[in-house]
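A.B. asks: Structure incoming, see below.
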Amino acid sequence: MRTQSALFGLCLSLAASGAMAADSWKTMPVSDAGYKPDFTLSVLGGYMHPRNAKGSGVFGAELDFNCLLLQPPSGIIRSQLSIHQFDHGGLTLTTYELSPRWTTEIDKNLTLGIGPGIGYVDAELAGQTKGMWAGQLGGDLNYRMGNMTLGLTGRWQLTTNTQVAAGYKKNEDNVLLEAKVGYNF
């Protein structure tokens, strides 16, 4: 399994380095005089289903902005920083996530974004607390109305193989589906 993951990572790195060699990729756009971060702050609410527990409501907050480090020849990379809180059946999960999303406009004011992410999950169960790293893949559909944004987002998150409490299954892999309401600055 580790060999397959390493090979996948190597292939992804080689593909990315070849694509970045193209003249139309922009590195360090934050250093451009005309760079605008286009901040959006959103509140999130939805449904999370952890692998080892029943699904339930989740809420959170998100700050997203135009990527400071890299922009592609088409579309735009939006960086998303988010925090989520899940609490059901004695299990509490708090996730901290960084997710770059390649975003493209599919209709006037309607965008679709997809991409990977990394995260850290604080899990608490039966008085025991454990932290674990996570990788994820997700997507967003957002509609802008002036300074307001309405959106739907979903992601699949894989966590490290950590046991939160004795007698409980390892890892807290989860699926998240939510709606968001945001304000563009």
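A.B. asks: So which residues in region 162-183 are modelled with pLDDT under 95, of a type outside the set (Ser, Thr, Tyr) and surrounded by 14 or more Cβ atoms within 10 Å (Cβ to Cβ)?
C.D. replies: Those that are modelled with pLDDT under 95, of a type outside the set (Ser, Thr, Tyr) and surrounded by 14 or more Cβ atoms within 10 Å (Cβ to Cβ): Gln163, Val164, Ala165, Lys170, Asn171, Glu172, Asp173, Asn174.
A.B. asks: Pick from region 21-48 the residues that are of a type in the set (Phe, Trp, Tyr) and over 22 Å from the mean Cα position of the chain (by Cα): which of them is modelled with the highest pLDDT?
C.D. replies: Across region 21-48, the extreme among qualifying residues is Trp25.
A.B. asks: Of all residues in region 94-148 being of a type outside the set (Gly, Ala, Ser) and out of contact with any strand residue (DSSP E or B) (no Cβ under 8 Å at 6 or more places or on another chain), which is farthest from Phe65 (Cα to Cα)?
C.D. replies: Here the residue is Gln128.
A.B. asks: For the structure I just gave you, tell me whether Gly151 is in contact (Cβ under 8 Å) with a residue 60 or more places away in the chain and surrounded by 14 or more Cβ atoms within 10 Å (Cβ to Cβ).
C.D. replies: It is true that Gly151 is in contact (Cβ under 8 Å) with a residue 60 or more places away in the chain and surrounded by 14 or more Cβ atoms within 10 Å (Cβ to Cβ).
A.B. asks: Can you name the residue in region 92-122 that is acidic (Asp, Glu) and surrounded by 14 or more Cβ atoms within 10 Å (Cβ to Cβ) and, of all such residues, is modelled with the highest pLDDT?
C.D. replies: Per the stated criteria, the residue is Glu97.
A.B. asks: Let me ask something else about it. Going through region 63-118 one residue at a time, which ones are among the hydroxyl-bearing types (Ser, Thr, Tyr), assigned to a strand (DSSP E or B) and more than 13 Å from Asn142 (Cβ to Cβ)?
C.D. replies: Correct list: Ser79, Ser82, Thr92, Thr94, Thr95, Tyr96, Ser99.
A.B. asks: Say whether the condition of being modelled with pLDDT under 95 and under 19 Å from Gln157 (Cβ atoms) is met by at least one residue in region 62-78.
C.D. replies: The answer is no; no qualifying residue exists.
The values are calculated or read from the model by the stated rules, or taken from the named source; none is laboratory data. Remember, predicted model here, so these are calculated numbers, not experimental data. Ideal geometry is used to build each Cβ from the backbone, glycine not excepted, and the neighbour counts take in all protein chains shown.
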